[in-house]
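A.B. asks: My questions all concern the structure below.
Here, each number is a calculation from the coordinates, and none is a lab measurement. These numbers were taken from a predicted model, which means no experiment stands behind them. Glycine gets a Cβ as well: all are built from the backbone with ideal geometry, and neighbour counts include every protein chain shown.
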Amino acid sequence: MEMVEKADHAQAEMLKNFEEKINRGDAIEPKDRMPDGYRKHLIRQISQHAHSEVIGMQPEGNWITRAPSLRAKQILLAKIQDEGGHGLYLYSAAETLGISRDEMIALLHSGKAKYSSIFNYPTLTWADIGAIGWLVDGAAIVNQVSLQRTSYGPYSRAMVRICKEESFHQRQGYEIMAKMMKGTIDQQEMAQDAINRWWWPSLMMFGPHDSESPRSGDAVKWKIKRHTNDELRQKFIDKTVQQAEVIGLTIPDKDLKCNEATGHYDHGPIDWDEFYRVINGNGPCNKQRMDHHKKVHQDGAWVRAAAEAYRQKKEKQSLN
Ligand code: FAQ
């Protein structure tokens with residue numbers, strides 16, 4: 001009985017210290033004691049974020065061989081490489097919470113871990129590469145700038161570097177769109193068609209409305225989220241509408257208008273049926289994305305085995 005009381009007391013003390021730290025705005029570091037729920041919440045979110053970066057390489061990789069110039073190809077290659085790097089920083093940040101990369105990948109392959117809904121849409125034309133950079137990276141930045149102040153130290157530090165790189169990505173996408181809008185009628189129509197298809201899925205990247213977001217309560221309480229899904233979505237809309245106007249693109253939302261009273265753009269209803277269909281595995285490319293990831297992971301098994309054999313050899317040598 002006494003032991004149970006002692007354990008309860010220690011648990012209450014840990015929780016008190018943790019909450020005080022969070023309330024002071026201090027970062028939580030890997031060796032700090034933290035509630036199990038906080039650890040699990042972060043593993044879910046950071047691994048989902050990492051999977052998104054890596055799966056997000058697929059729709060763009062589809063265009064490396066078809067980029068319209070050597071310059072465009074070089075830039076696209078560098079961008080995709082950056083996304084792979086973002087995945088690595090994020091997997092490493094998640095590993096500090098006591099889960100291995102293998103476990104995270106197994107959860108992804110078994111369908112238990114998610115990745116961003118946006119990467120389940122196809123890239124049909126070169127303008128889609130512009131739309132991904134401009135809208136998808138643009139949405140990712142809005143979310144990630146806010147996450148730079150998230151309460152878990154390794155996650156927030158990863159975000160600082162990722163945001164610097166993402167802002168180049170956003171500009172490369174916008175440059176593609178701006179160039180196409182100065183081109184032929186066909187090119188202008190291609191750019192408009194891309195925004196027509198990518199606008200609404202980009203808004204869905206921020207997750208369900210706050211009233212429908214089951215994870216937000218804990219995330220806000222623990223300062224994992226510094227802004228809510230709707231606040232970030234609004235920020236993205238406000239800045240993107242003006243960018244579209246500058247280059248002559250029309251946002252495909254007939255209800256979009258500036259609300260004089262709030263100073264923000266009101267928007268039309270988001271198709272949440274489509275969102276849940278996609279995150280539950282039934283979007284246009286879910287199967288293709290997962291099949292590809294599994295195949296490449298399998299094909300790369302020998303690289304992991306070779307790296308491990310090399311590590312063991314080095315360890316042995318250092319012991320001699
Ligand atoms: N897709 O209660 P909430 C990028 C799930 S990086 C799929 O609101 P939460 C860079 C959510 O997990 C893009 N699932 O959840 C790049 C939960 O399900 P669960 C990735 C979604 O966590 C660019 C359920 O719905 N960024 O693009 C989505 O509080 C170009 C209920 O939702 C991040 O991951 C969705 N869009 O808020 C790369 C940022 N939305 O897990 C290549 C970090 C919601 O309970 C090319 N993550 N769900 O089964 C976050 O900020 C948050 O996790 C949210 C969701 C805001 C995504």
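A.B. asks: Given Cα pairs under 8 Å that are at least 6 residues apart, what percent is the relative contact order of the stretch 228-320?
C.D. replies: On the way: 31 pairs, mean separation 12.3, N = 93.
The value is 13 percent.
A.B. asks: Using alpha carbon centroids, what distance separates the stretch 220-290 and the stretch 43-102, in Å?
C.D. replies: Each part reduced to its Cα centre gives a spacing of 22 Å.
A.B. asks: Okay, moving on. What is the ratio of the Cα radius of gyration of the stretch 223-313 to 2.2 N^0.38 Å, where N is its residue count, to two decimals? The partial results should precede the final answer.
C.D. replies: Details: Rg = 21.8 Å, N = 91, 2.2 N^0.38 = 12.2 Å.
Against the empirical 2.2 N^0.38 Å value, I get 1.79 for the stretch 223-313.
A.B. asks: Just to confirm a number: summing +1 for Lys and Arg and -1 for Asp and Glu over residues other than Pro59 whose beta-carbon lies under 10 angstrom from that of Pro59, what do you get?
C.D. replies: Working: positive: Arg289; negative: Glu60, Asp128.
Here the charged neighbours net out to -1.
A.B. asks: While we're looking at this one, here's another question. With +1 on each Lys and Arg Cβ and -1 on each Asp and Glu Cβ, how big is the dipole of the chain about its Cα centre, in debye rounded to the nearest 20?
C.D. replies: 1120 debye
A.B. asks: While we're looking at this one, here's another question. Select from Met104, Ser47, Asn62 the residue farthest towards the positive end of the dipole of the stretch 42-131; place +1 on Cβ of Lys and Arg, -1 on Cβ of Asp and Glu, and compute about the Cα centre.
C.D. replies: Asn62
A.B. asks: Could I ask something else about it? Along the positive direction of the dipole of the chain (beta-carbon charges: Lys, Arg +1; Asp, Glu -1; about the Cα centre), which of Ile75, Tyr276, Gln170 reaches farthest?
C.D. replies: Final value for the positive-end residue is Ile75.
A.B. asks: Relative contact order (percent) for the chain, with alpha-carbon contacts under 8 angstrom and 6 or more residues of separation? Mind dumping the intermediate values first?
C.D. replies: On the way: 336 pairs, mean separation 56.9, N = 320.
For the chain, the relative contact order is 18 percent.
A.B. asks: Next up: If the elastic network links every pair of Cα atoms under 10 Å, which of Met159, Met34, Met204 fluctuates the most in the Gaussian network model of the chain?
C.D. replies: Fluctuation is largest for Met34.
A.B. asks: Separate question: Bin width 5 Å, origin at 0, all Cα-Cα pairs of the stretch 154-272: what percent of pairs per bin?
C.D. replies: 2, 9, 16, 20, 18, 17, 11, 5, 2, 1, 0
A.B. asks: How much length would be gained if the chain were fully extended between Glu5 and Lys254, taking 0.36 nm per residue of separation minus their Cα-Cα distance, in nm to one decimal? Please report the intermediate quantities before stating the final value.
C.D. replies: Details: separation 249, 0.36 × 249 = 89.64 nm, distance 6.17 nm.
Extra length from Glu5 to Lys254 when fully extended: 83.5 nm.
A.B. asks: Measuring from a point 7 Å past the Cα of Arg71 along Cα-to-C-beta, which residues in the stretch 126-144 have an amide N at less than 20 Å?
C.D. replies: 126-134
A.B. asks: Rounded to the nearest whole Å³, what is the per residue volume of the convex hull around the Cα atoms of the chain?
C.D. replies: Measuring per residue, one finds 182 Å³ for the Cα hull of the chain.
A.B. asks: For a 19 Å ceiling on Cα separation, which of these pairs sit above it: Lys235/Lys257; Lys21/Lys235; Lys114/Lys221; Lys179/Lys235; Lys21/Lys225? Please list the in-between numbers first.
C.D. replies: Values: Lys235/Lys257 14 Å; Lys21/Lys235 29 Å; Lys114/Lys221 23 Å; Lys179/Lys235 25 Å; Lys21/Lys225 16 Å.
Where the Cα-Cα span goes over 19 Å, the pairs concerned are Lys21/Lys235; Lys114/Lys221; Lys179/Lys235.
A.B. asks: List every residue whose amide H lies under 5 Å from the amide H of His264, counting only residues 5 or more places away in sequence or on a different chain, with H placed 1.01 Å from N in the peptide plane.
C.D. replies: Counting only residues 5 or more places away or on other chains, the set is Asn259.
A.B. asks: Report, to one decimal in Å, the Kirkwood hydrodynamic radius for the stretch 195-260 based on all distinct Cα pairs. Before the final figure, lay out the partial values.
C.D. replies: Details: mean 1/r = 0.0749 Å⁻¹.
For the stretch 195-260, the Kirkwood estimate is 13.3 Å.
A.B. asks: Check cross-link reach from Lys112 to the lysines: straight Cα distance under 19 Å, and skip same-chain residues fewer than eight apart.
C.D. replies: Lys40, Lys287, Lys294, Lys295
A.B. asks: Taking a point 7 angstrom from the Cα of Asp32 along the C-beta vector, which residues in the stretch 80-96 have backbone N less than 18 Å away?
C.D. replies: 93-96
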